Amino acid sequence: MKILLTGGAGFIGSHLAEALLKKGYRVVIVDNFNDYYSPRRKEENLNGIRDHRRLEVVRADIRDRERMEELFSRHRFPVVIHLAARAGVRPSLAQPLLYQDVNVGGTLVLLESARRAGTKTFFFASSSSVYGNCPRILLRENEPDLRPISPYGLTKLSGEHLCRIFHRQYGLRIVVFRFFTAYGPRQRPDMAIHAFIRLISEGREIPVFGDGTSRRDYTFIDDIVTGILLALDGEFDYEVFNLGGGHSITLFELINLLGDKLARTPTLKRLPFQPGDVMATRADVSKARKLLGYRPVTGLAQGIERFITWFREVEEEST
């Protein structure tokens, strides 16, 4: 089976592309290699699979309607896995129009191209950001009061609504994944674990926004990829799944854990709470466990050790 994978040169996308190829799928990656962070890093993400005989890499923007329609017409993809997006809560506050254009407009281009080409199944990468500051501790997919507090979160919720409309009106099978703070090798350099490990390693201050009690559910990349692959094995009309670790940790606890693993004492720089950041995320993964057989297996301490190993290898290669 041939799969269109958007954003396949990114952190999650490159890991997923490797896994799909190992399972025997044909994969067409669409990525525009933008400069949100170093395009060279995205090129390097594909080093292990670039010459694979069942892989095609298309350099294109998902907002390019003519290019997308030509691609769908030529390949007739039965499955689309749409990961491409402008990422990041804080940058979305500075560039809300860009986030709307890429994350909502680009998703609509893909959905319409899929509809026209007869695609059967469309996977959409959403985010825990859609929940906003939900008063409930465990975040469930059926939460009725979704109130994202950043333009990024709003664009992801808008993408979910577009997917729902295309399911109801055109019969497109939809699976929405709400990712909870994915981390691991190749993680974006602006994300907390990656950024903090670099700062601690270099003996520099870590910016701590707020009082350090905000909590996140960190999910190792292998568990994210496993959840997506499990959904490929099923047939769903319309479903939303949390993909998270199922546990949360405070910002201070995370920093202390990173310091322990690096055998260094972190230096903190206290700053005001950052607008757009939610106070806590923790995924209820019981639905994914029941319907997909999803069980995250990589604990945070183990995952950080694996990330540090990768980080040091990359640093050695660059020197």
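The values are calculated or read from the model by the stated rules, or taken from the named source; none is laboratory data. What you see is a predicted model; the values in this text were computed from it and never measured. Here the Cβ positions follow ideal geometry from the backbone for every residue, glycine too, while neighbour counts run over all protein chains shown.
Here are a few things to note about the model shown:
- Check on residue 307, in contact with a Pro (Cβ under 8 Å, 6 or more places away or on another chain) and in a helix (DSSP H, G or I): yes
- Qualifying residue in region 66-79 (condition: buried (at least 16 other Cβ atoms within 10 Å of the Cβ), under 25 Å from residue 226 (Cβ atoms) and in contact with a helix residue (DSSP H, G or I) (Cβ under 9 Å, 6 or more places away or on another chain)): yes
- Residue under evaluation residue 165, criteria (1) farther than 21 Å from residue 306 by Cβ; (2) modelled with pLDDT of 95 or more; (3) outside any helix (DSSP H, G or I), criterion not met: (3)
- Qualifying residue in region 36-59 (condition: among the small types (Gly, Ala, Ser), touching a helix residue (DSSP H, G or I) at 6+ places or on another chain (Cβ under 6 Å) and within 19 Å of residue 221 (Cβ to Cβ)): no
- Hits in region 221-235 - residues which are at pLDDT 95 or above and not in a helix (DSSP H, G or I): none
- Among (1) farther than 30 Å from residue 94 by Cβ; (2) of a type in the set (D, E, K, R); (3) in contact with a strand residue (DSSP E or B) (Cβ under 6 Å, 6 or more places away or on another chain) - the single one residue 270 does not satisfy: (1)
- Taken as a whole, the condition of being in a loop (DSSP other than H, G, I, E, B), out of contact with any Pro (no Cβ under 7 Å at 6 or more places or on another chain) and among the charged types (D, E, K, R) does not apply to residue 312.
- Selection within region 22-45 - within 21 Å of residue 1 (Cβ to Cβ) and within 19 Å of the chain's Cα centre (by Cα): 27, 28, 29, 30, 31
- For region 204-260, the set of residues classified as of a type in the set (A, V, I, L, M), over 19 Å from residue 80 (Cα atoms) and more than 15 Å from the chain's Cα centre (by Cα) consists of 206, 208, 249, 251, 254, 255, 257, 258, listed by residue number.
- The lone exception for residue 277 - which of (1) surrounded by fewer than 14 Cβ atoms within 10 Å (Cβ to Cβ); (2) under 18 Å from the mean Cα position of the chain (by Cα); (3) of a type in the set (Asp, Glu) it fails: (1)
- Scope region 286-300; condition of a type in the set (S, T, N, Q) and part of a helix (DSSP H, G or I); matching residues: 286
- Remark: pairs (first residue in region 225-250, under 16 Å from residue 183 (Cα atoms); second residue modelled with pLDDT of 95 or more and of a type in the set (Ser, Thr, Tyr); Cβ separation under 6 Å; 6+ apart in sequence or on different chains) = 227/294; 244/219; 245/218; 245/219.
- The test for being modelled with pLDDT under 95, of a type in the set (Ser, Thr, Tyr) and in contact with a Leu (Cβ under 7 Å, 6 or more places away or on another chain) holds for residue 281.
- Residue in region 58-65 that is buried (at least 17 other Cβ atoms within 10 Å of the Cβ), β-branched (Val, Ile, Thr) and modelled with pLDDT of 95 or more present: yes
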